[in-house]
Amino acid sequence: MKIFVKILCFLIIISTCIILYSRYVATTGLVTKEIVIESDKLPDTYDGLKIVHLSDIHYKRIITKKRIEEIINEINLINPDIVVLTGDLLDKDSSIEEDDVDLLINELSSIKAKYGKYAVVGNHDYMFEQDMLEKIYTNSDFLLLNNKYDIIYNETGDKIFIGGVANVSYNEANIDDTMSYFKDNEDISYKIILVHEPDYTDTILEKYPEINLILAGHSHNGQVNIPVIKEFFLPAYSRKYFDEYYKINDTLLYISSGIGVSRINFRLFNPPSINFYRLNCA
């Protein structure tokens with residue numbers, strides 16, 4: 001009986017420590033994951049292109065102004081050429097006031113990127129007034145790519161295509177609209193697509209297998225990153241593709257583990273992170 005009580009006490013202590021760690025330690029800090037991507041489709045003049053990818057901030061759930069400042073400082077230290085945000089800047093369970101809008105505009109405006117800053121809407125973002133969301137992004141110099149695209153030009157006039165897909169969870173996604181540039185043009189060899197929900201990748205590639213790079217969020221790579229258990233925390237539309245990296249034929253898919261939390265305020269074996277891609281010519 002004494003042995004049973006000791007074992008029970010030990011398990012309670014260990015469980016309590018894990019819970020406290022996953023709530024108050026594992027949700028803090030920031031990891032920068034540096035990833036080298038090589039492609040023979042990338043124009044030579046873009047060799048060494050730097051892209052920073054952040055996602056799933058879920059502002060105000062546990063992410064504060066101070067945390068956002070720390071993240072932005074880290075991004076600006078990288079001196080990126082392009083910055084992308086793949087959805088869920090906001091959290092559906094948090095109230096966003098006018099002061100929050102002003103704060104986000106002020107902070108996101110301070111992100112520096114040589115060629116541009118781009119975003120797509122996440123399923124949590126969709127729960128808010130879209131005019132407010134557009135105001136945040138527009139006034140902080142982000143281009144919101146909801147079934148839209150942009151053409152990036154460098155100093156020599158070489159082009160890269162970057163497109164974004166609107167929210168999949170609420171049936172707003174239309175990859176045909178995103179790729180409409182290529183109805184009349186075939187002059188861009190390197191193509192990037194932003195999407196919040198990674199399981200939409202199959203739909204994208206069924207129609208446009210020539211996409212080179214897809215960047216997504218939503219899954220957090222499994223917020224509680226323990227085999228089998230993490231699958232219980234995966235949201236819809238991220239149950240096929242949820243890990244950090246997949247190669248599907250010639251297309252690379254990278255999924256950010258995100259910065260904030262969703263549904264539960266815990267992380268385990270999966271620290272908050274941003275992805276830093278270096279694109280090199282093959």
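Within the range 1-47, the residues that satisfy the criterion of being touching a strand residue (DSSP E or B) at 6+ places or on another chain (Cβ under 8 Å), at pLDDT 90 or above and hydrophobic (A, V, I, L, M, F, W, C) are Ala26, Leu30, Val31, Ile35, Val36, Ile37, Leu42. With the structure loaded, tell me whether Leu253 is among the hydrophobic types (A, V, I, L, M, F, W, C) and within 19 Å of Ile82 (Cβ to Cβ) or whether it fails that test. Judged against the criteria, Leu253 is a match. Within the range 193-224, the residues that satisfy the criterion of being modelled with pLDDT of 95 or more, closer than 19 Å to Leu90 by Cα and in a loop (DSSP other than H, G, I, E, B) are Val195, His196, Glu197, Gly217, His218, Ser219, His220, Asn221. When Asp99 is tested against the conditions (1) within 19 Å of the chain's Cα centre (by Cα); (2) surrounded by fewer than 22 Cβ atoms within 10 Å (Cβ to Cβ); (3) acidic (Asp, Glu), the lone failure is (1).
In the set Ile72, Ile7, Ile12, only one residue is among the hydrophobic types (A, V, I, L, M, F, W, C), at negative phi, surrounded by 14 or more Cβ atoms within 10 Å (Cβ to Cβ) and without any contact (Cβ under 8 Å) to a residue 40 or more places away in the chain; that residue is Ile72. When the range 263-282 is limited to residues that are aromatic (Phe, Trp, Tyr) and under 28 Å from Ser94 (Cα atoms), the one that is surrounded by the most Cβ atoms within 10 Å (Cβ to Cβ) turns out to be Phe266. Among the residues making up the range 167-181, those that are crowded, with 16+ Cβ neighbours inside 10 Å and either more than 14 Å from the chain's Cα centre (by Cα) or without any contact (Cβ under 8 Å) to a residue 40 or more places away in the chain (or both) are Val168, Ser169, Ala173, Ile175, Thr178, Met179, Tyr181. Do we find a residue being surrounded by fewer than 16 Cβ atoms within 10 Å (Cβ to Cβ), within 19 Å of the chain's Cα centre (by Cα) and not polar (S, T, N, Q) anywhere in the range 201-215? Yes - at least one qualifying residue is present in the range 201-215. Looking across the range 127-166 at every residue that is modelled with pLDDT of 95 or more and within 23 Å of Arg239 (Cβ to Cβ), the one that is surrounded by the most Cβ atoms within 10 Å (Cβ to Cβ) is identified as Val165. Summed over the range 54-66, the residues that are in contact (Cβ under 8 Å) with a residue 60 or more places away in the chain and within 17 Å of Asp102 (Cα to Cα) give a count of 4. Would you mind stating whether Val52 is in contact with a helix residue (DSSP H, G or I) (Cβ under 7 Å, 6 or more places away or on another chain) and either surrounded by 12 or more Cβ atoms within 10 Å (Cβ to Cβ) or not in a helix (DSSP H, G or I) (or both)? Criteria met by Val52. When residues in the range 246-262 are screened for being surrounded by fewer than 16 Cβ atoms within 10 Å (Cβ to Cβ) and in contact (Cβ under 8 Å) with a residue 40 or more places away in the chain, 3 of them pass. Looking only at the range 227-263, filter to residues that are part of a loop (DSSP other than H, G, I, E, B), among the aliphatic types (A, V, I, L, M) and at pLDDT 90 or above; which one of those is nearest to Leu20 (Cα to Cα)? Checked the range 227-263; the qualifying residue nearest to Leu20 (Cα to Cα) is Val261. Residues in the range 11-49 that are part of a strand (DSSP E or B) and either touching a helix residue (DSSP H, G or I) at 6+ places or on another chain (Cβ under 6 Å) or closer than 24 Å to Phe161 by Cα (or both): 8 in all. Here Arg67 meets the list (1) part of a helix (DSSP H, G or I); (2) under 23 Å from Tyr170 (Cβ atoms); (3) basic (Lys, Arg) almost entirely, failing just condition (2).
The values are calculated or read from the model by the stated rules, or taken from the named source; none is laboratory data. From a predicted model like this one, the values you see are computed outputs, not experimental measurements. Glycine also receives a Cβ, built like all others from the backbone with ideal geometry; neighbour counts cover every protein chain displayed.
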